[in-house]
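To keep things clear, I will list the structure first and then write my remarks on it.
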Amino acid sequence: MKLRIIRLWTLEDYYNKDEIFSIQLILMDEQGNKIQGHVPNTYIYKFRNVLKEGEAYFIKNPNLAKMDEGKFQLTDQMQRLTFNRETTVTPCLHFFGSVVGFAFIDYHPIIVSIVPQNISLDVIGLVVAIGKIDARNEDRKRHKMRLQIQDVKGSQLDVNLWGDYCYTLSDYIQKNPNILQIVIILQFAKINVCLNQDGLNENSSSTFSYMKFNRSSEKDDFVLKMSRKQSLIFSNRLR
């Protein structure tokens, strides 16, 4: 198979935080089709220093394992590649497909709840409101920041950034105080159904700082507060 690794991360061992339990991958062919990949603990030694995010490879003799139906999927493939003892990986110097594999969708299907909640999605938007980081949890991975983003049609979505991603955006804003417009790309985001009539999570205590250049009328404020029924939880990639 001729594939590019567009995302690579590791999962730590539950009992030993210093050990890697597995390597997780999202791979893409030249036509833009994506599939998840998995290197189990037994073979990490073989592939850890070989596989690099952003690089393309010829991958021979992987196993295909069926994904659990109903669980959250990062791609629309119901199988994943599993690297094993017989798998070989060699660099591919001539890969003609996309480098990042964005597949943006319109906000409307998200807002009216016709997008499956168990599959990730990509969106792009202008940041119109930013909340403070909620750092009440001792685990940094559970710290979060709430945003509101807007597309070219004026539709808006709530977004939750978790862990390091909220600090990445916060640091960028602090270091660039004169930048008034921020456009972000969320790749492999997860939909979370909001719980109350305002379109916000019941347990949220965030307050928003609105970006002044985007607030044009009281009608806009009303739409911000009342129109959203979905929010995005983002835990994989921010650009």
| How high is the relative contact order of the stretch 1-112, in percent, counting Cα pairs under 8 Å that sit 6 or more residues apart? | 29 percent
| task | Arrange the peptides 11-19, 40-48 so that the one whose residues have, on average, the most other Cβ atoms within 10 Å appears first. | result | 40-48, 11-19
| Between Leu64 and Ile119, how many nm apart are label points set 7 Å from Cα along the C-beta direction? | 1.8 nm
| Percentage relative contact order, the stretch 23-174, counting C-alpha pairs under 8 Å, at least six apart | 17 percent
| For the residue pair Tyr14 and Thr42, what label-to-label distance in nm results when each label sits 7 Å from Cα along the Cα-to-beta-carbon direction? | 1.9 nm
| What FRET efficiency do you get for His108 and Asn178 if R0 is 41 Å and r is their Cβ-Cβ distance, rounded to the nearest 0.05? | 0.75
| field | Surface share of carbon and sulfur [accessible, 1.4 angstrom probe, percent] for the stretch 87-136 | value | 67 percent
| request: Report, to the nearest whole %, how much of the accessible area of the stretch 1-62 belongs to carbon and sulfur atoms, 1.4 Å probe, protein only. | output: 47 percent
| Accessible area per residue in Å² at 1.4 Å probe, computed on the stretch 21-94 | 58 Å²
| remark: Quick calc, Glu53 & Phe96: beta-carbon distance into FRET formula, R0 22 Å, rounding 0.05, result 0.70
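The values are calculated or read from the model by the stated rules, or taken from the named source; none is laboratory data. Computed from a predicted model, the values in this text were never measured in an experiment. In this analysis, Cβ positions are derived from the backbone assuming ideal geometry, glycine residues included, and neighbour counts consider all displayed protein chains. Note: accessible area is taken over every heavy atom of the protein model, side chains too, but ligands, DNA and RNA are not part of it. Shrake-Rupley method; radii C 1.70, N 1.55, O 1.52, S 1.80 Å.
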